[in-house]
1. Which residue pairs have Cβ atoms closer than 8 Å, lie 6 or more positions apart in sequence or on different chains, and pair a first residue in segment 435-449 that is closer than 16 Å to Gln109 by Cβ with a second residue that is β-branched (Val, Ile, Thr)?
2. Does Pro103 satisfy the criteria of being open to solvent by less than 50 Å² (accessible area, probe 1.4 Å), modelled with pLDDT under 80 and not polar (S, T, N, Q)?
3. If you take the residues in segment 276-296 that are at pLDDT 70 or above and open to solvent by less than 70 Å² (accessible area, probe 1.4 Å), which one is nearest to Asn172 (Cα to Cα)?
4. Ala492 passes all but one of (1) under 21 Å from Asn172 (Cβ atoms); (2) at pLDDT 80 or above; which number fails?
5. In segment 394-406, which residues are surrounded by 15 or more Cβ atoms within 10 Å (Cβ to Cβ) and free of Cβ contacts under 8 Å to residues at least 40 places away in the same chain?
6. Looking only at segment 509-517, decide whether some residue is exposed (fewer than 13 other Cβ atoms within 10 Å of the Cβ) and assigned to a strand (DSSP E or B).
7. Of the conditions (1) farther than 27 Å from Gln578 by Cβ; (2) polar (S, T, N, Q); (3) modelled with pLDDT of 90 or more, Gln376 fails just one. Which one is it?
8. Of the residues Cys647, Cys658, Cys639, only one is closer than 12 Å to Arg588 by Cα, at pLDDT 50 or above and either part of a loop (DSSP other than H, G, I, E, B) or of a type outside the set (Gly, Ala, Ser) (or both); which?
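The values are calculated or read from the model by the stated rules, or taken from the named source; none is laboratory data. Predicted model only: the values in this text are computed from it and were never measured. Cβ atoms come from the backbone with ideal geometry, glycine included; neighbour counts cover every protein chain shown. Note: areas computed on protein heavy atoms with side chains; ligands, DNA, RNA excluded. Shrake-Rupley method; radii C 1.70, N 1.55, O 1.52, S 1.80 Å.
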Amino acid sequence: MECLGETRCKTPHSTLEKVCKRILPTGVHRFLFGPLSEFPVVRHLTGAVFGALSGVGLFFGLLLNITMTAVQRVVVGCVFVGLCSLGGMFSSLFRCSVLLMFPSMIGSQGRTFLMVFVLHGLYHGPIANIQHNVQDVASSMGCNIDLQITHSKVMWRMLTEPYVQVVQEIVNDSDEFQEVSQNVSKKFQKIRDEVMGRFGYDSLGKESVHTANSTQEEYVEKTRARCDYVVQQGISRCQDWFSTKWKECMNTIQAPLINNFLCIPMQFHFLCDIMRVMTSWCTEKIPVEGNFGQTFDKLNYSINRLAEHFTTNVVLKNLEQQSVFGVNVLQNFSKELSRVFQEKAVIAEKIAGVINFLLSFTFITVFTSAFGYVRQFCRDIHFDNVYITTYFRQIDARRKRAGKRHLLPLKKAEQESLINPWSLFIHPSELMPVIVGFLQVATLALFVCVLLAVDGILYNIFDLIRRHTFTTYSVTSVQHADIVIGGDSMLARLLRKTIGAFNTSSNLDMQSSNLHCLPQPHALSQSNYLWIFLPLLLMCLMCCLQVYTNRLRRVITTFYFPKREKKRILFLYNLQIQKRISFIDRQRYRLRNQKQTFITVLSVLLALLRRVGCRLHWCWVCDRFVKQKQAVHCSSVGCTVIYCQQCWTDLGNICYACFPHNNRCGPQDNGSDSDVYYDC
């Protein structure tokens, strides 16, 4: 019995141990799979070297992206590597966790790391390229605005300089202009006296002349009064002339009666009254224009203002312009845009730092996930304990040779709960993480494609703008004004002092282009696409490989904790034996409840499918679809339960969905409690 026990203990319980025993020397095999009490010094040194190498790798993965000075990086690196060396020397848990990082990197944690890495590539690729191209176009717009402002300033200067010169000349000639204006006022005084004076008529009985409401009415009344006065004076002079001529005629002719007869025409002074006809003409047709009074008032006001003290000075007022997009257009628009983009660049650098920190943090989650797997493996006997391992098969083979109850091959209904680690097919329990992983990759790929499409569209638009917005500016201005005012009158001299100042001439011919303002958009390089799509392809590959790497985690953990794995396999085998014993009772209970609920819910749907000629067959025990030729229908009336051939055989050719509950006939599992528990 002792020899048999020793043989059993020396038999490799794992495939890894079998392979190592065949290809490795005996000493190396004993060092790897022997008791920990053997080779203690070599084990500690090997663990220290392994911990140091692991620490170097972990340091570059964790702390390389964190901003530190060179001295701080060296100090922290030495301390970190030293701690990892101690962990590798004394802790199997640490060594196992480090090795588990490799399969974890191919699993969901590795996909998370690659996802952040893709985001890092997107930020430094299309996002940075979009930002650069938009900034380039904005700078081009600012350069064009500065160019237009410069041209506008030149044109405005050419337009305003003549007027400034005119005003300056008027300022320089202000004294002479003052003298001329005073002469004008003096000479206009005669006209003012003529219009406003009270002469040329008899003021007696002309109160209406002085009570007029306006200059026009007053001047009309004065003109009428002067007309009447002239007519009255003509009549008086005519009568005086007749009286004078009468006296002269009487003095010339001395003969009485004869002189009266001959001088009688000199008595026709009534003929002078014929001049009274002019009175009605003066009333009706006064030679005064309708706007004479208004014109005189304005002219009189202007002359009075002109006669005042004349002073001139030039005041240039700088008006505050409204800002466009928060930038004063009179300032350098390009510099202002550069300042704004520099502020945005600081924010972008902070975001890049956050992404780098996330890379390090994601790497930390890989280590913590591996460490958590080892802890659960050692604490929870149910955790990831679903594999048909080599030791599981050894136990089953021994029981089979001993004639006891055994499990292999598994029943079809039991295959869903146990996984064959050497099978290349994905177990249904392993399928959901794969689907979730593919959905994550598809979502990220869609986002990447949209972002790359936006970058490509913007690049094409900006390149089109660059190729079709080249503009040549030609600013040409010829200004020549020559106003000649002849004469030596007062008005001529006044006009020469004012309007004559506009005699200016200037020429401008400026050629420029916006070649230096055109945008220069950048396209993504092949390396950018490579650093984006290569991680995506790796993530897709990881989704397929994570099933097998997850199985590899148990192998690595078993290498470091073989006794714990032995207990886990014994527990799993004993649990499956108990389930096999209660297989019939569990299926009977499951089938009866499933029939009561499932048929009620899907009866309508199944009836509709049968009407259209579509018949679905699946086994009610293993829940797998069955071909119509291989389906076994229950022969009981009203029972619609279908079985596959293997499950029907496992149930002893009895339909427990309609079998009486108290009938215990059929196949029974005989065995005692001693058959249930097995130990080595």
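1. What qualifies is Leu444/Val118.
2. Numbers: open to solvent by less than 50 Å² (accessible area, probe 1.4 Å): yes; modelled with pLDDT under 80: no; not polar (S, T, N, Q): yes.
In short, no.
3. Phe296
4. Condition not satisfied by Ala492: (2).
5. His406
6. The first filter runs over segment 509-517 and keeps only residues exposed (fewer than 13 other Cβ atoms within 10 Å of the Cβ), leaving 509, 511, 515-516.
Filter once more, so that each one left must be assigned to a strand (DSSP E or B): 509, 511.
Checked against the condition, which is being exposed (fewer than 13 other Cβ atoms within 10 Å of the Cβ) and assigned to a strand (DSSP E or B), segment 509-517 yields at least one hit.
7. Going through (1) farther than 27 Å from Gln578 by Cβ; (2) polar (S, T, N, Q); (3) modelled with pLDDT of 90 or more one by one, Gln376 breaks only (1).
8. Matching residue, one of Cys647, Cys658, Cys639: Cys658.
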